[in-house]
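S.K.: Sharing a structure with you now.
Since every read-out is calculated from the coordinates, none of them should be taken as a lab result. The shown structure was predicted, so the numbers you read here are calculated from the model rather than taken from an experiment. Positions of Cβ are backbone-derived with ideal geometry, glycine not excepted, and every protein chain shown enters the neighbour counts.
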Amino acid sequence: MTSHTVHVAPSSGAYDVVVGPGILDEAGKRLAPLLPSTSAFIISDSNVAPLYLERLQASLAAAGIDAPHAVFPAGEASKNLSTLSDLLEAMAMARLTRSSAVIALGGGVTGDMAGLAAALYMRGIAYVQVPTSLLAMVDSSVGGKCAVDLAAGKNLAGAFLQPLAVLADTSTLQTLDGSVFSDGCAEIVKHAVLADSELFGQLETEPLAREGEPGLLASVIARNVDIKRRFVEADEREQGRRKLLNLGHSIGHAIEAASGYTLGHGHAVAMGLCAIARASEKVGWAEQGIADRIEAVAAAHGLPTESPYPADDLISYARLDKKSEAGGITLAIPERIGSASLRFAGFDEFSELIRLGVA
Ligand SMILES: NC(=O)c1ccc[n+]([C@@H]2O[C@H](COP(=O)([O-])OP(=O)(O)OC[C@H]3O[C@@H](n4cnc5c(N)ncnc54)[C@H](O)[C@@H]3O)[C@@H](O)[C@H]2O)c1
Ligand SMILES: [Zn+2]
């Protein structure tokens, strides 16, 4: 089966995202011409490393790339400064130099942490993303944002660093837990609502499945990378248009926080997306019927559509959100399937929208 290549070209550095089955075994061949030297360092988590580390190392070794590794305990709870510090020490122990490269093998947590480790080590070395979760393939591995969580909130310490390449082996998705697969579907539904009505129609008639036709899954992933590419290239540092990618996330983040971060990110985003669609429809910003369509597609992908937490709890968390701006928040509002816009809402207005969107 052929692979798909999406060329992402932000001004701070262009790279290719390659999507397809079996790419892991081609990693050495594909990376050898791109890496600054034959020294690399793989960062992975305790679930992904036992499944795919050896294959990646074998492919790199066959291309003459030496790649020792570090593995951290899987899960969002590891995405903090303490794990980051351990990773940086391990990189120093492995005697990485300015011309070494970090390779992130795993989901969004691994990608975020490995990217930040690469940004910090010796003031910045190269890095490559090898995403293995659906969410990482369609979202977090593209765009150059990397961060860890602080006690005060999620993703509060981070950097922008573009990868040298992104290699997404879609056959690795077969070992993904069903609910983690659904998490990735939430970002796909979000992309479709934002920018691709045809994709949305496809998701309505034929929901994505982990066991589905591999060629179809790979092409949907590449299509999503291309959607994210358009937003990222237009606004690398998220000062304007890129904020549209936060569709569903403003209420979603409050739901995530209310759950004490026990809910999967995509699950919270799906609920947030349904809530903002319902609210936008009620105040007349969105076309009638949009919320029903989004809810149906979310449910067809195993995603929840209603917040288990009442509106007042979410409003309290939204007010605490460190990422909100003075006096309010810039919201992405779905207008019709395939189109959204940004609106600044004061906290009172945002609270009212949460009340309208959450039962
Ligand atoms: N940088 C960005 O632009 C950006 C964008 C969106 C999300 N994120 C971040 O991404 C993270 C969420 O990503 P995620 O959902 O991939 O989380 P994750 O990395 O924790 O992966 C989810 C789970 O799946 C496991 N896993 C991953 N690939 C697997 C595979 N092929 N087989 C079996 N198990 C596998 C992981 O070990 C983990 O237990 C959050 O921290 C979020 O903040 C970052
Ligand atoms: Zn997200």
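S.K.: Lys228: which aspartates and glutamates have alpha carbons under 18 Å from its alpha carbon, excluding same-chain residues fewer than 8 sequence positions away?
M.R.: Asp16, Asp112, Asp139, Asp183, Glu187, Asp196, Glu198, Glu236, Glu238
S.K.: May I ask which residue of Leu35, Ile23, Met93 lies farthest towards the positive end of the charge dipole of region 1-110, with charges of +1 (Lys, Arg) and -1 (Asp, Glu) on Cβ and the Cα centre as origin?
M.R.: My answer, from the dipole projection, is Leu35.
S.K.: If each residue's Cβ is checked for other Cβ atoms within 10 Å, how do Met137, Met91 rank with the fewest at the top?
M.R.: By the 10 Å Cβ count, ascending: Met91, Met137.
S.K.: Assign unit charges at the C-beta atoms only (+1 for Lys and Arg, -1 for Asp and Glu), then state the dipole size of region 178-357 relative to its Cα centre in Debye, rounded to the nearest 20.
M.R.: With Lys and Arg at +1 and Asp and Glu at -1, about 400 debye.
S.K.: Which whole DSSP H helices in the chain pass both tests: a Cα extent of 24 Å or more along the axis and a mean Kyte-Doolittle value no lower than 0.0?
M.R.: In the chain, the long hydrophobic H runs are 178-195, 214-234, 265-282.
S.K.: Let me ask something additional. For the chain, what is one quarter of the convex hull surface built on the Cα atoms, given in nm²?
M.R.: 16.0
S.K.: What pairs from Lys154/Lys190; Lys154/Lys282; Lys79/Lys243; Lys79/Lys323; Lys29/Lys243 go past 28 Å between their alpha carbons?
M.R.: Over 28 Å Cα-Cα: Lys154/Lys282; Lys29/Lys243.
S.K.: Can you put Thr205, Thr110, Thr5, Thr83 in order of Cβ neighbours within 10 angstrom, beginning with the fewest?
M.R.: With the fewest neighbours first, Thr205, Thr110, Thr5, Thr83 line up as Thr205, Thr5, Thr83, Thr110.
S.K.: Relative contact order of the chain, please, whole-number percent, based on alpha carbon pairs below 8 angstrom and at least 6 residues apart.
M.R.: 16
S.K.: Starting from the Kirkwood radius over alpha-carbon pairs of region 1-147, derive D by Stokes-Einstein at 10 °C in a medium of 1.306 mPa s and give it in µm² s⁻¹.
M.R.: For these conditions, the coefficient is 105 µm²/s.
S.K.: Between region 114-145 and region 261-339, what's the alpha-carbon centroid distance in Å?
M.R.: So the two Cα centres are separated by 27 Å.
S.K.: For the chain, give the magnitude of the charge dipole about the Cα centre (Cβ charges: +1 Lys/Arg, -1 Asp/Glu; no others), in debye to the nearest 20.
M.R.: Approximately 940 debye in magnitude.
S.K.: Taking the number of other C-beta atoms within 10 Å as the exposure measure, put Ser12, Ser59, Ser171 in order starting with the fewest.
M.R.: Ser12, Ser171, Ser59
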